[in-house]
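Enquirer: The structure follows.
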Amino acid sequence: MGATSQLPQSLPVTPEARPWLRHYEPGVPWTIEIPETTLPEYLALNAGRYPRREAIRFFGKAIHYRELDEAVNRFAHALMRLGVEPGDRVGLVLPNCPQIVIGYYGALRAGAVVVPCNPLYAEPELAHQLADAGVKVVLCLSLMFPKVQAVRDRVPTLEHVVVTNIKEYLPPLARVGFTLFRERKEGHEVTLPEDGRTHWLQPLLQQAPASLPSVRRDPDDLAVLQYTAGTTGVPKGAMLTHRNLVAVTLQTHAWARNIEEPDGSDVVLGVIPIFHIYGQTVVMNFPIVSGGCMVLIPRFDLKAILEAIDHEHPTFFPGVPTMYAVLANAPKVEKYNLRSLKACISGAAPLPVPVQERFERLTGARLVEGYGLSEAPVTHCNPILGERRAGTIGLPIPSTEAIIVDLETGTTVLPPGEVGELAVRGPQVLQGYWQRPDETERVFRGSWFLTGDIARMTEDGYFQIVDRRKDMIIVGGLKVFPSEVEKVLLEHPAVQEAVVVGIPDPYRGEMVKAYVVLREGASVEPRELLAFCRERLAPHRVPREIEIRTELPKNLIGKVLRRKLIEEELAKRQASAWETAPEE
């Protein structure tokens, strides 16, 4: 697989070849064995072991393992009655709610391939993903049904749409209140066409048997198409097998073994969206494999999250830096009991040390930074109880290898301390991109996957992300890493957030532009920030422009949407060009 490579086929499992092993916590294995099984088999196993143990909590409603397993079986049978065969793709357009778990595991149990979709996608984005994956059935929330219906004709393979209302798994009183005061007002009330191709979820479940379907899948069969824009901006489906998903779940368990409950009854706070691979791994699959419980929250709602921690007593809270910062600085946060939390893993963006320290003082939990991608859900993490290093993504997790390779060819391993592209190997790494052999070829060197992230490794095996390769700016032939400029801007006492992008420039190729959000009550002019940068950066790294904003565009997991900023800037320039063009 991949282009010609001079990279080693594998690294010996020794502290000399893998210096990070010296920093593993006692009891954390260097490698793990991946069983010949699938995720739905874990659900069935734990339904037998813990039939009355809670698997999901949703605004006070508990769903036990046996109940969840039966619902999954029913949905699998319903899909099969709709014509879904092994290998067919089933799209999920849902926020965090019990239906996404039922849909995910039901599709897998029917032998289908899950295609998780961001429910906030615009119609063109949703149409592209569903059509590219060749989706046969979509399960969506009633709130999203009009959007799914609008793109239906643009997805030739789409035969059936199954619709569910968010209230279906609310407690009785909450369901009544939702029906009376919110359902119509917020757009959840919809009328389905009587076309034989559009169905409500609950009647399908009620009419289907609760028995285990006879479909069997091999661990190396495709399980999920996880879409990612990658380095080209064109969404691609990362092909993840059952073995990939089982492997990364067990790797994550191995990393957290020193802080987990002995009987696996940990409770995970599920704010990270499950349509994202991070959420699938640590919010949903992590507890299901161990027999734990997930507390699902459909969107980031500060009050709902604080109340969930206070009332539901979660032990794990995976999130992103923005979430921890908002919680740590919440008004009257002291009135909530947040001390049930034991461990929090932060991903998607660098974790600022002040946020880490404030959150840990508030909760008593350990907050550490980790790393993963759609193509390899988790590859690195700082030790939870051991030595963690600020500004790093930590160490490769068990059964994972990582090296730094040259930026030009990706075929030469660089020594510790040098900056290059991060490459990884492991059982959690994707098989390739869906129907894009050229893209697959481009990101593999033998069995090593090129992550697209620019990084360095210390002498003793800690890894630090310098920047995304696609975000690197070339100014007059000189490389500028946005993170270097952002770090300087964040040192200014008035700056709360900063993001730097490259804007096309006819003279230099690209120019550096910065967008900043000021701290509450702070005041500073762009020219002052430019002067601040000139004192601390080489001339080619100093932004040509700094724009002050009240907020930055972000996705649901807190990542700043750099591409949107660039598109806005280019649109602004085009409009300006039209305005100043001479009349004919």
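The values are calculated or read from the model by the stated rules, or taken from the named source; none is laboratory data. Every value quoted in this text rests on a predicted model; they were computed, and no experiment measured them. Glycine gets a Cβ as well: all are built from the backbone with ideal geometry, and neighbour counts include every protein chain shown. The protein model used for the area step is the full one, side chains on, heavy atoms only, and it has no ligands, DNA or RNA in it. Shrake-Rupley method; radii C 1.70, N 1.55, O 1.52, S 1.80 Å.
Enquirer: Only residues that are among the aliphatic types (A, V, I, L, M), outside any strand (DSSP E or B) and in contact with a helix residue (DSSP H, G or I) (Cβ under 8 Å, 6 or more places away or on another chain): list them for segment 123-161, please.
Expert: L126, A127, L130, A131, L143, V148, A150, V151, V155, L158
Enquirer: On to the next question. For residues in segment 72-94 being out of contact with any helix residue (DSSP H, G or I) (no Cβ under 8 Å at 6 or more places or on another chain) and over 16 Å from H160 (Cβ atoms), which is most open to solvent (accessible area, probe 1.4 Å)?
Expert: Selected residue: P86.
Enquirer: Sticking with this one: Among the residues of segment 198-215, how many are touching a residue at least 12 places away in the same chain (Cβ under 8 Å) and assigned to a loop (DSSP other than H, G, I, E, B)?
Expert: 7
Enquirer: Another one. Kindly evaluate A494 against the criterion of being at pLDDT 85 or above, open to solvent by less than 60 Å² (accessible area, probe 1.4 Å), over 27 Å from the mean Cα position of the chain (by Cα) and of a type in the set (A, V, I, L, M).
Expert: So A494 fits the description; yes.
Enquirer: I'd like the full set of residues that are touching a His at 6+ places or on another chain (Cβ under 9 Å), in a loop (DSSP other than H, G, I, E, B) and more than 19 Å from E418 (Cα to Cα), limited to segment 438-476.
Expert: Of everything in segment 438-476, just one residue is touching a His at 6+ places or on another chain (Cβ under 9 Å), in a loop (DSSP other than H, G, I, E, B) and more than 19 Å from E418 (Cα to Cα), namely G476.
Enquirer: Name the single residue that is surrounded by the fewest Cβ atoms within 10 Å (Cβ to Cβ) among those in segment 443-474 being aliphatic (A, V, I, L, M) and farther than 15 Å from H380 by Cβ.
Expert: Looking at the filtered set, the residue picked out is I474.
Enquirer: Would you please name the residue that is most open to solvent (accessible area, probe 1.4 Å), looking only at residues in segment 415-437 that are part of a strand (DSSP E or B) and not hydroxyl-bearing (S, T, Y)?
Expert: Only one residue fits best here, namely R425.
Enquirer: Please state which one of A47, A55 is under 25 Å from the mean Cα position of the chain (by Cα) and small (G, A, S).
Expert: Exactly one of A47, A55 is under 25 Å from the mean Cα position of the chain (by Cα) and small (G, A, S), namely A55.
Enquirer: Please list, ordered by first then second residue, the pairs with beta carbon atoms under 9 Å, 6 or more apart or interchain, first in segment 386-414 and open to solvent by 10 Å² or more (accessible area, probe 1.4 Å), second of a type in the set (S, T, N, Q) and in a strand (DSSP E or B).
Expert: Once the first residue is open to solvent by 10 Å² or more (accessible area, probe 1.4 Å) and sits in segment 386-414, its partners that are of a type in the set (S, T, N, Q) and in a strand (DSSP E or B) give R389/Q464; G391/Q464; T392/Q464.
Enquirer: Which of (1) among the acidic types (D, E); (2) free of Cβ contacts under 8 Å to residues at least 24 places away in the same chain; (3) part of a helix (DSSP H, G or I); (4) under 25 Å from R57 (Cβ atoms) is the odd one out, the single condition E183 does not satisfy?
Expert: (3)
Enquirer: Okay, next question. List, please: which pairs have Cβ atoms under 7 Å, are six or more places apart or on different chains, and start with a residue in segment 545-562 that is within 19 Å of V485 (Cα to Cα) and of a type in the set (V, I, T) and end with one that is modelled with pLDDT under 90 and open to solvent by 50 Å² or more (accessible area, probe 1.4 Å)?
Expert: V560/K554
Enquirer: Where the second residue is open to solvent by 20 Å² or more (accessible area, probe 1.4 Å) and the first is among the aromatic types (F, W, Y) and lies in segment 137-162, which pairs have Cβ atoms under 9 Å and are six or more apart or on separate chains?
Expert: Once the first residue is among the aromatic types (F, W, Y) and sits in segment 137-162, its partners that are open to solvent by 20 Å² or more (accessible area, probe 1.4 Å) give F145/V190; F145/L192.
Enquirer: Mind checking which residues of segment 509-561 are touching a Lys or Arg at 6+ places or on another chain (Cβ under 8 Å), of a type in the set (A, V, I, L, M, F, W, C), open to solvent by 50 Å² or more (accessible area, probe 1.4 Å) and at pLDDT 90 or above?
Expert: Selection gives nothing.
Enquirer: Considering only segment 379-429, state which residues are under 19 Å from P29 (Cα atoms) and of a type in the set (D, E, K, R).
Expert: Scanning segment 379-429 gives E387, R388, E401, R425.
Enquirer: Would you mention how many residues in segment 329-361 are at pLDDT 85 or above and closer than 17 Å to V283 by Cβ?
Expert: Residues that pass the stated criteria total 7.
Enquirer: Determine whether segment 156-163 contains at least one residue that is within 18 Å of P273 (Cα to Cα), touching a Phe, Trp or Tyr at 6+ places or on another chain (Cβ under 8 Å) and open to solvent by less than 10 Å² (accessible area, probe 1.4 Å).
Expert: Scanning segment 156-163 turns up no residue that is within 18 Å of P273 (Cα to Cα), touching a Phe, Trp or Tyr at 6+ places or on another chain (Cβ under 8 Å) and open to solvent by less than 10 Å² (accessible area, probe 1.4 Å).
Enquirer: If A55 meets every condition in (1) modelled with pLDDT under 95; (2) touching an Asp or Glu at 6+ places or on another chain (Cβ under 9 Å) apart from one, which number is that one?
Expert: Only one criterion in (1) modelled with pLDDT under 95; (2) touching an Asp or Glu at 6+ places or on another chain (Cβ under 9 Å) is unmet by A55, namely (1).
Enquirer: Using the structure shown, decide if P156 is over 29 Å from the mean Cα position of the chain (by Cα) and either over 30 Å from D132 (Cα atoms) or of a type outside the set (G, A, S) (or both).
Expert: For P156, the condition - over 29 Å from the mean Cα position of the chain (by Cα) and either over 30 Å from D132 (Cα atoms) or of a type outside the set (G, A, S) (or both) - is not met.
Enquirer: Could you please find all residues in segment 343-356 being open to solvent by less than 50 Å² (accessible area, probe 1.4 Å) and not hydrophobic (A, V, I, L, M, F, W, C)?
Expert: Scanning segment 343-356 gives S346, G347, Q356.
Residue by residue, here is whether (1) over 26 Å from K61 (Cα atoms); (2) open to solvent by 30 Å² or more (accessible area, probe 1.4 Å); (3) part of a loop (DSSP other than H, G, I, E, B); (4) touching an Asp or Glu at 6+ places or on another chain (Cβ under 7 Å) holds:
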residue: T179; (1), (2), (3), (4): no, yes, no, no
residue: H188; (1), (2), (3), (4): no, no, yes, no
residue: P193; (1), (2), (3), (4): yes, yes, yes, no
residue: G196; (1), (2), (3), (4): yes, yes, yes, no
